[in-house]
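Notes follow once the structure below has been shown.
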Amino acid sequence: MLSMIGLVGGLVLLIILTLRGMNLFISAPLCAVVVALCSGIPLFTGEVNFVAAYMDGFASFVAAWFFMFLLGSMFGKFMEDTGAADSVAQWIINKLGRKQAVLAVVLACAILTYGGVSVFVVAFSVYPMALSLFKDANLPRRFIPAALAFGSVTFTMTSAGSPEIQNWIPIKYLGTSPYAAWEVSLVVAVLMASFGYWWLRKIINRAIANGEKFEAREGDPVLLDRKLPRPILSLIPLLVVLGLSFSFHDTLAQNALIVALLGGVISIAIINFKHFHRPQTAISEATTGALVAIGNTAAVVGFGSIAKITPAFDTAVTAMTNLPGNELVGAAVAVSVIAGLTGSASGGQAIALPEVGPHYLQAGVNPDQLHRIVSISSGALDSLPHNGYVVTTIRAICNETHSAAYWAVAAVTVVVPLMGLAVAIGLFML
């Protein structure tokens with residue numbers, strides 16, 4: 001009981017401190033200490049102790065993602081410094097009109113995500129263009145994280161055919177394919193995309209009606225009086241990233257992103273070399289931004305590492321994976337809750353599927369249906385305030401606060417996927 005109180009209390013405390021803007025390098029390990037002490041995990045001694053477990057989670061994330069964060073940050077900064085982001089933004093505004101700035105950001109993220117680019121990297125890559133679009137359209141900048149997240153971690157990340165890991169993990173346990181239950185997935189994706197975009201626009205329009213507008217900040221890229229690169233040339237680096245990621249995804253898996261982003265960085269440097277303004281400064285800011293972003297995310301991952309070794313977590317997993325009633329509903333609840341506890345969609349799947357998969361397959365559940373439900377449900381409660389992607393996008397990339405930006409993010413990345421999950425379950429039960 002004390003372990004469960006510590007687990008839930010530590011998670012709630014982490015969410016509250018995150019929303020209040022406390023530094024994650026302090027709040028995440030502090031909340032992890034609360035969880036560890038309530039579960040009887042020693043801080044320094046013993047085969048399993050707090051320091052070793054926390055740092056294993058922290059270091060493993062940095063080891064797995066450092067080059068992606070670094071190259072993704074450099075790609076975004078190079079797009080910004082050469083004026084490529086401003087060029088693309090102006091071209092979109094001229095073609096679609098200022099009212100379509102949000103749509104342009106969402107579509108850019110959706111195309112890159114469905115093309116196999118990691119959702120973390122998509123945020124780095126699209127943010128400079130999003131900032132320019134929101135500035136030109138005079139939209140409140142605190143909604144940029146919601147636009148980035150909506151295009152990345154909702155209707156694209158968990159849909160049939162998506163190369164993102166959240167659509168591929170179930171294959172190992174269920175023997176399915178990335179296109180499992182594509183008919184229902186297509187209906188749900190269209191519904192999530194249309195309703196989510198309508199809701200996001202409604203939230204932004206309400207803020208505009210209340211007098212909000214774009215506010216420039218110190219440190220924002222300054223639109224210099226200079227000749228910008230041609231829009232078509234500015235789009236080529238994005239296409240290079242997309243093409244290389246798609247081409248090498250099957251052979252190199254996650255490492256394909258390193259090849260793709262390196263190709264994107266090199267293509268910018270070659271194509272728009274004469275348009276660089278302050279390349280050394282751009283590189284310096286990119287490396288600093290990457291370290292802050294990966295550090296914030298790794299701090300939260302460390303909390304999840306402590307949570308997973310507590311007795312309460314084992315009890316919660318056992319309870320969630322053995323829920324009575326409809327099997328698809330049970331699987332959805334199990335994956336959603338575990339993803340929420342760990343702050344990770346992929347983590348929720350990887351923990352729940354070894355238990356849920358064999359159990360429900362033996363009960364005669366259609367594996368394709370189970371695959372799609374597990375995939376969609378993992379992308380809902382994972383987006384609570386302590387989620388690594390949410391923290392990175394809001395704080396490290398967009399330089400916003402959770403109190404200003406998170407509630408719009410929650411609307412389109414928690415509520416909308418939950419709605420899509422309910423529709424998917426209903427369609428499968430027909």
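The values are calculated or read from the model by the stated rules, or taken from the named source; none is laboratory data. This one's a predicted model, so the numbers in the text were calculated from it and none came from an experiment. Backbone-built Cβ (ideal geometry, glycine too); neighbour counts: all protein chains shown. These area figures cover heavy atoms from the full protein model, side chains too; ligands, DNA and RNA do not enter into them. Shrake-Rupley method; radii C 1.70, N 1.55, O 1.52, S 1.80 Å.
Some observations on this one:
- Rounded to the nearest whole Hz, the Karplus-based 3J(HN,Hα) values (6.51 cos²θ - 1.76 cosθ + 1.60, θ = phi - 60°) of the range 58-63 follow the sequence 4, 5, 5, 5, 4, 4, with x at glycine and proline.
- The residues TRP91, TRP407, sorted by heavy-atom accessible surface at 1.4 Å with ligands and nucleic acids left out, run TRP407, TRP91 from largest to smallest.
- Computed with every protein chain present, the accessible area of LEU30 is close to 80 Å² [probe 1.4 Å].
- Relative packing of peptides 56-64, 344-352 - highest average C-beta neighbours within 10 Å first: 344-352, 56-64
- With θ taken as phi - 60° and the Karplus curve 6.51 cos²θ - 1.76 cosθ + 1.60 applied, the whole-hertz 3J(HN,Hα) list for the range 64-73 is 6, 10, 4, 5, 5, 5, 5, 5, x, 5 Hz, x standing for glycine and proline.
- Here the Karplus relation 6.51 cos²θ - 1.76 cosθ + 1.60, evaluated at θ = phi - 60°, turns the backbone of the range 35-40 into coupling constants of 4, 5, 5, 5, 9, x Hz, with x for every Gly and Pro.
- Solvent-accessible ranking of SER245, SER284, largest area first, probe 1.4 Å: SER284, SER245
- Stokes-Einstein D in µm²/s, Kirkwood radius over Cα pairs - the range 357-405 at 37 °C with 0.692 mPa s viscosity: 251 µm²/s
- Of the residues LEU384, SER284, GLY295, the one whose Cα sits farthest toward the positive end of the charge dipole of the range 277-430, with +1 on the Cβ of Lys and Arg and -1 on the Cβ of Asp and Glu, is SER284.
- Annotation: amide H-H contacts under 5 Å for ASN272 (H modelled 1.01 Å from N, sequence separation of 5 or more, or interchain): none.
- Against the empirical curve 2.2 N^0.38 Å, the C-alpha radius of gyration of the range 160-221 lands at a ratio of 1.80.
- Computed helical MRE - 222 nm, the chain, DSSP H runs ≥ 4 contributing -39500 (n - 2.57), nearest 500: -24000 deg cm²/dmol
- Anisotropy class of the range 144-251 from Cα gyration tensor, a/c 1.5 cut: oblate
- Area of LEU13 that stays accessible when all protein chains are in place (1.4 Å probe, Å², to 10): 60 Å²
- Spin-label model, ALA63/ARG206: points 7 Å from Cα along the beta carbon direction are separated by 4.6 nm.
- Exposure check, 1.4 Å probe, all protein chains in place: MET320 carries approximately 40 Å² of accessible surface.
- Listed residues SER305, SER152 arranged by accessible area, highest first, probe 1.4 Å: SER305, SER152
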